[in-house]
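All remarks here apply to the structure that follows.
The values are calculated or read from the model by the stated rules, or taken from the named source; none is laboratory data. The structure presented is a predicted model; accordingly, all values stated were derived computationally and were not measured. Because the Cβ atoms are built from the backbone with ideal geometry, glycine has one as well, and the counts that use them run over all protein chains shown.
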Amino acid sequence: MIGWLRRKKPAREQASAGSKALLADTPPKQAAGANPAADGGEEATSAKRDLSEPLLTVMGVERSFSVGGTQLHVLRGINMELYPEQLVMLKGRSGSGKTTLLNLIGGLDQPNRGEIVFKGHPFHRCSDDERTIIRRKEIGFIFQSFALMPLLSARENVELALRMAGVPRSQWKQRVEHCLELVGLAKRMDHRPFELSGGEQQRVAIAKAIAHKPSLILADEPTAELDSQMGAQVMSVFRDIIRTEHITICMTTHDPTIMEVADRVYEMVDGKFIAS
């Protein structure tokens, strides 16, 4: 990642010490589609990962917006931790603050108060450009509406994510095929979104989100547009991705039928977590 950052002079010149350290501390990512088991097995790979330290920590975060001359308090003193290789769900009704919190975690917005620490470094202090660079390399997003390019095939949609992340073209083919096979779409790679079911489109979106090998996936109501069977399939794909790609997933939901697969559930009411 740091080599790619150096080629972008303006971002380097304005980078703070904290964001530089975050980017510098990111280990080189293995070749696209590479299998760590071939070089010593899954046990050796797991031994190198410290699963006891939080990937991301949120401390005392507050967020408010000015509406009609008054302050609307959306988040009130949020504290949470995301650990490596976990599936974490933010549960709550519409308007409870779930999506606002997800936006803060992903660096799409900044808190009025509090801290967000990503990989040991203060994410909340990064500039817009710095957060954009970190998102491109370390975070993947999955949206309720799939967010696919309608005229591109499944393969091309995933390739687009690799292009935006600065992944060398020579790695695209192997990585794209690996990601689409992982979500069960090996035989649908050349189909465009309108030729796919809702569940298949969401799986393309998942493949697109993991293509650049992020550390964290943020998913906003990923099963809201799906029936219960398709929703269960998506959750099964999430568990497979966590196991094989060693990714942390944080998602919002108000669907009680899928919460049993989560490692941790945070329930939100009026911008605060309550005891479940």
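Look through T257, T223, T244 and report the one residue that is in a helix (DSSP H, G or I), of a type in the set (S, T, N, Q), closer than 23 Å to A186 by Cβ and touching a residue at least 24 places away in the same chain (Cβ under 8 Å). Walk me through it before giving the result.
Values: T257 fails: closer than 23 Å to A186 by Cβ; T223 fails: in a helix (DSSP H, G or I).
Of the residues listed, the single one that is in a helix (DSSP H, G or I), of a type in the set (S, T, N, Q), closer than 23 Å to A186 by Cβ and touching a residue at least 24 places away in the same chain (Cβ under 8 Å) is T244.
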Please pick out the residue among V67, V74, V61 that is of a type in the set (A, V, I, L, M, F, W, C) and surrounded by fewer than 18 Cβ atoms within 10 Å (Cβ to Cβ). V67
Looking at (1) exposed (fewer than 15 other Cβ atoms within 10 Å of the Cβ); (2) among the aliphatic types (A, V, I, L, M); (3) modelled with pLDDT of 95 or more, find the lone condition where L180 falls short. (1)
Across region 115-157, which residue is nearest to R63 (Cα to Cα) among those that are touching a strand residue (DSSP E or B) at 6+ places or on another chain (Cβ under 9 Å) and of a type in the set (F, W, Y)? F123
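Suppose we filter E225, E200, E221, E195 for residues that are under 24 Å from Y83 (Cβ atoms) and among the acidic types (D, E); which single one remains? Walk me through how you get there before you give the answer.
Working: E225 fails: under 24 Å from Y83 (Cβ atoms); E200 fails: under 24 Å from Y83 (Cβ atoms); E195 fails: under 24 Å from Y83 (Cβ atoms).
Answer to the selection: E221.
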Please enumerate the residues belonging to region 95-114 that are on the phi > 0 side of the Ramachandran plot and in a loop (DSSP other than H, G, I, E, B). G95, G97, G107
Close pairs from region 54-80: first without any contact (Cβ under 8 Å) to a residue 24 or more places away in the chain, partner aromatic (F, W, Y) and surrounded by fewer than 17 Cβ atoms within 10 Å (Cβ to Cβ), Cβ under 7 Å, at least 6 apart: L72/F65
Identify all residues within region 84-94 that are among the aliphatic types (A, V, I, L, M) and either assigned to a helix (DSSP H, G or I) or under 13 Å from the mean Cα position of the chain (by Cα) (or both); write none if there are none. L87, V88, M89
Name the residue that is nearest to R93 (Cα to Cα), counting only residues in region 251-264 that are within 17 Å of the chain's Cα centre (by Cα) and surrounded by fewer than 16 Cβ atoms within 10 Å (Cβ to Cβ). R264
Given the condition without any contact (Cβ under 8 Å) to a residue 12 or more places away in the chain, in contact with a His (Cβ under 9 Å, 6 or more places away or on another chain) and either surrounded by fewer than 17 Cβ atoms within 10 Å (Cβ to Cβ) or within 19 Å of L218 (Cα to Cα) (or both), answer yes or no: does some residue in region 103-116 qualify? no
